[in-house]
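Remarks on the structure that follows.
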Amino acid sequence: RKEVEQDPGPFNVPEGATVAFNCTYSNSASQSFFWYRQDCRKEPKLLMSVYSSGNEDGRFTAQLNRASQYISLLIRDSKLSDSATYLCVVNHYGGSQGNLIFGKGTKLSVKP
Amino acid sequence: DTGVSQNPRHKITKRGQNVTFRCDPISEHNRLYWYRQTLGQGPEFLTYFQNEAQLEKSRLLSDRFSAERPKGSFSTLEIQRTEQGDSAMYLCASSLAIRVGEDSPLHFGNGTRLTVT
């Protein structure tokens, strides 16, 4: 099993749609989880951290399921500007050991 | 500009040459990471430092790659005897690790794009 796995997509959705991405991770000891957004030919930028209790930031909701070892990202009311690649990031070794591993990313394309 | 700074932005080199990249992290950040990214892939972890100590190095990293952070501030990544397969975007990121048992988010630089001909 790969350390961090994501469906590469692409997810093609109309404006206003709700879309969800999942990301699975292999190490049950992992403690830190993030979602990053990367636009074409740009560096990744933090979208949101993922907390055990789940968290929401405007149209974006992130959840963690430790039992099944996955995190999810839900985007409501999609905008054209949401088109990007969404990267899941997991601390592979757990604790604060700093080995932050990225998934390959899920590409989202929001159409008018 | 107080973000992460990388230079050069682009580097074209011939196979077999050595190249060195520099990263200046956000000044108060104690962790510094190097990643490599190729088209259609996520960033691949190479190595990271906490202050001047190199704490982790990817098993995938060949011995042609070496990174340093001598004073716990800027870092350099050197690739010796470059190969065409080294062509990629090299990303540097920094973070401020302050919470026990938890990682802080990474802040990335714009990257150095390496092309080996």
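Some notes on this structure:
- Selected residue (criterion: surrounded by the fewest Cβ atoms within 10 Å (Cβ to Cβ)) from residues of segment B:12-48 that are within 9 Å of chain A (Cβ to nearest Cβ) and assigned to a strand (DSSP E or B): B:Glu44
- Residue within segment B:92-99 that is more than 22 Å from A:Val50 (Cα to Cα) and either modelled with pLDDT under 95 or hydrophobic (A, V, I, L, M, F, W, C) (or both) present: yes
- Residue in segment B:19-34 that is among the aliphatic types (A, V, I, L, M), under 15 Å from B:Pro70 (Cβ atoms) and out of contact with any helix residue (DSSP H, G or I) (no Cβ under 6 Å at 6 or more places or on another chain) present: yes
- Test for B:Ser87: is it within 10 Å of the chain's Cα centre (by Cα) and either more than 8 Å from chain A (Cβ to nearest Cβ) or among the small types (Gly, Ala, Ser) (or both): no
- Against the conditions (1) surrounded by fewer than 16 Cβ atoms within 10 Å (Cβ to Cβ); (2) at pLDDT below 90; (3) among the small types (Gly, Ala, Ser), A:Ser32 satisfies every one except (1).
- For segment A:37-91, the tally of residues that are polar (S, T, N, Q) and under 12 Å from the mean Cα position of the chain (by Cα) stands at 6.
- Some residue of segment A:49-59 being surrounded by 14 or more Cβ atoms within 10 Å (Cβ to Cβ), within 12 Å of A:Gln6 (Cβ to Cβ) and at the interface with chain B (Cβ under 8 Å from one of its Cβ atoms): no
- Pair list, Cβ under 9 Å, 6 or more apart: segment B:68-90 residue at pLDDT below 95, other residue hydroxyl-bearing (Ser, Thr, Tyr): B:Pro70/B:Thr76; B:Ser73/B:Ser27
- Some residue of segment B:49-56 being within 16 Å of B:Arg113 (Cα to Cα) and either of a type in the set (Lys, Arg) or outside any loop (DSSP other than H, G, I, E, B) (or both): no
- Any chance B:Phe108 is surrounded by 13 or more Cβ atoms within 10 Å (Cβ to Cβ), at pLDDT 90 or above, away from chain A (no Cβ under 14 Å) and within 26 Å of A:Ser30 (Cβ to Cβ): no
- Where a residue in segment A:36-61 is closer than 18 Å to B:Cys92 by Cβ and its partner, wherever it lies, is not in a strand (DSSP E or B), with Cβ under 6 Å and at least six apart: A:Tyr36/A:Pro44; A:Gln38/A:Pro44; A:Glu43/B:Asn110; A:Glu43/B:Gly111; A:Leu46/B:Pro105
- From the list A:Ala67, A:Ala84, the one residue that fits, being surrounded by fewer than 17 Cβ atoms within 10 Å (Cβ to Cβ) and either within 13 Å of chain B (Cβ to nearest Cβ) or not hydroxyl-bearing (Ser, Thr, Tyr) (or both), is A:Ala67.
The values are calculated or read from the model by the stated rules, or taken from the named source; none is laboratory data. What you are looking at is a predicted structure, and each value in this text was computed from that prediction instead of being measured. Cβ: placed from backbone, ideal geometry, glycine included. Neighbour counts: every protein chain shown.
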